[in-house]
Amino acid sequence: MTLNCIAVDDEPLALGLIAAFIEQTPFLNLVGRYSSAVEALQGLYKQPVDLVFLDIQMPDLSGIELARVLDKGVYGAGPRIIFTTAFSQYALEGYKVDALDYLVKPFNYIDFLKAAGKAQAYAELLNKPATLTVAPVAPEEEYLFLKVEYQLVRIAFSDILYIEGLKDYVKVHLESETKPVLSLTSLKALEEKLPGRRFMRIHRSFIVALDKISAVTRNKVQIGDTSIAVSDQYKDTFNQFLNRWV
């Protein structure tokens, strides 16, 4: 599929290079080039696009600030963003606004093409027909997608042991991995994506997989070697489950 995209950079040489890279990439279609984030914002209002190659340090409105505006859905669903900057210290900020990738200047066409390929794969994933709902799906084949660094990672429900909330991040502890998967999302947002028949929140910082519980008391659950307390806020719901279990 072809992605309509724009380039935004206040440096003429950098803007020209990015525009040239876009034009020589078969699955990208350049529909605009802007020397400021303010001009780009006005252009996006008139013509929504799929992908923005965006510089960060610019006068009046920075690339990070523009990304935050787009992330709030002011202009619809919002395009995906690939940052292009000479300053690597902005990588974390780019991650927080859900950028697809982060290119540090000077970069070559191979680096550019890899980043553009991520955008294409992401768009194809979102537009893939939902054919799995037609045929019966085994529980172990059910999954969700989590943003991990600059890619979407598929996590099978059957592989999840428990999920730990850490401010703006979550740690997803898996049966198949020794290290947890770290994703920039909230525990509440993740809870809404999980099937209630298989997962339960038992603490403001923990969601557990019910079929992975190996032992239980009135105040704690045991999952493998990990013991997790049941907080007062969730005791009533947990006790209802416990009464069905014993």
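Side notes on the structure shown:
- Subset of segment 2-15 [over 26 Å from the mean Cα position of the chain (by Cα) and touching a residue at least 12 places away in the same chain (Cβ under 8 Å)]: Asp10, Glu11, Pro12, Ala14, Leu15
- Residue match in segment 145-157 (condition: of a type in the set (Gly, Ala, Ser) and either assigned by TED's automatic domain parsing to the domain that holds Ala116 or farther than 19 Å from Phe241 by Cβ (or both)): yes
- In segment 192-214, the residues that are charged (D, E, K, R) and either at pLDDT 90 or above or closer than 19 Å to Gln240 by Cα (or both): Arg197, Arg198, Arg201, Arg204, Asp211, Lys212
- In summary, Gly165 fulfils each of the numbered conditions (1) of a type in the set (Gly, Ala, Ser); (2) free of Cβ contacts under 8 Å to residues at least 40 places away in the same chain; (3) part of a strand (DSSP E or B) with the single exception of condition (2).
- Search result, residues across segment 144-166 that are among the hydroxyl-bearing types (Ser, Thr, Tyr) and modelled with pLDDT of 85 or more: Ser158, Tyr162
- For segment 87-126, a tally of residues being among the polar types (S, T, N, Q) and at pLDDT 85 or above returns 2.
- Considering segment 168-191, the residues that are charged (D, E, K, R) and within 16 Å of the chain's Cα centre (by Cα) include one that is modelled with the highest pLDDT, namely Lys171.
- Taken over segment 194-246, the criterion of being assigned to a loop (DSSP other than H, G, I, E, B), under 16 Å from Glu164 (Cβ atoms) and out of contact with any helix residue (DSSP H, G or I) (no Cβ under 6 Å at 6 or more places or on another chain) is satisfied by Leu194, Arg204, Ser205, Ile213, Gly224, Asp225, Ser231.
- Restricted to helices (runs of 4 or more DSSP H) entirely inside segment 1-86, those with at least 2 residues that are in contact with a strand residue (DSSP E or B) (Cβ under 7 Å, 6 or more places away or on another chain) and at pLDDT below 90 are 63-71.
- Number of the exception - Leu190 against (1) out of contact with any strand residue (DSSP E or B) (no Cβ under 9 Å at 6 or more places or on another chain); (2) surrounded by 15 or more Cβ atoms within 10 Å (Cβ to Cβ): (1)
- Neighbours by Cβ (under 6 Å, 6+ apart or cross-chain): first from segment 179-197, touching a residue at least 24 places away in the same chain (Cβ under 8 Å); second basic (Lys, Arg): Leu182/Lys171; Ser183/Lys147
The values are calculated or read from the model by the stated rules, or taken from the named source; none is laboratory data. Computed from a predicted model, the values in this text were never measured in an experiment. Cβ sites come from the backbone with ideal geometry, for glycine too, and all protein chains shown count toward neighbours.
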